[in-house]
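The values are calculated or read from the model by the stated rules, or taken from the named source; none is laboratory data. Since the model is a prediction, treat every value here as computed from it, not as a measurement. Don't worry about glycine lacking a Cβ; one is built from the backbone with ideal geometry, like all the others, and counts go over all protein chains shown.
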């Protein structure tokens, strides 16, 4: 089960928002909420709203499909911030000129999906036979000089 939420034209630059979104990508939703709640970045507030909306959308999809959705098992599977339209304004400058001000916006998109059930990891130690069959690491061959370079060196020397 996957659900998504998109918020368009957030009045903050995408570069600043990516710093926060990188912290929650791939995390479990309760952990992502905690990271966003205690982040000092202003972008965390907007991203928190989008994540909350994505979780609510997942619950709605679950109700429509008549499935029980555990919010604690949801994981942020996809989170991206793209650049939106740039609002251009001008401010007066010296000698009658005008300097541009670029007010950047961004689009936030978050997908949440149910995490697979936790299974025991296989802790198999490598056997002697498996170690013998394993390929040996390749070493780089010695650097060779191209034939054209050799010819040039021979002509130059007497």
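Filtering the range 90-113 for residues that are closer than 27 Å to residue 34 by Cα, modelled with pLDDT under 95 and assigned to a loop (DSSP other than H, G, I, E, B) leaves an empty set. Among the residues of the range 34-86, the one identified as in contact with a helix residue (DSSP H, G or I) (Cβ under 9 Å, 6 or more places away or on another chain), touching a residue at least 60 places away in the same chain (Cβ under 8 Å), surrounded by 13 or more Cβ atoms within 10 Å (Cβ to Cβ) and farther than 21 Å from residue 13 by Cα is 69.
Residue pairs whose Cβ atoms lie under 6 Å apart, separated by 6 or more positions or on different chains, with the first residue in the range 93-115 and surrounded by fewer than 17 Cβ atoms within 10 Å (Cβ to Cβ) and the second in a helix (DSSP H, G or I) and at pLDDT below 95, are 115/73.
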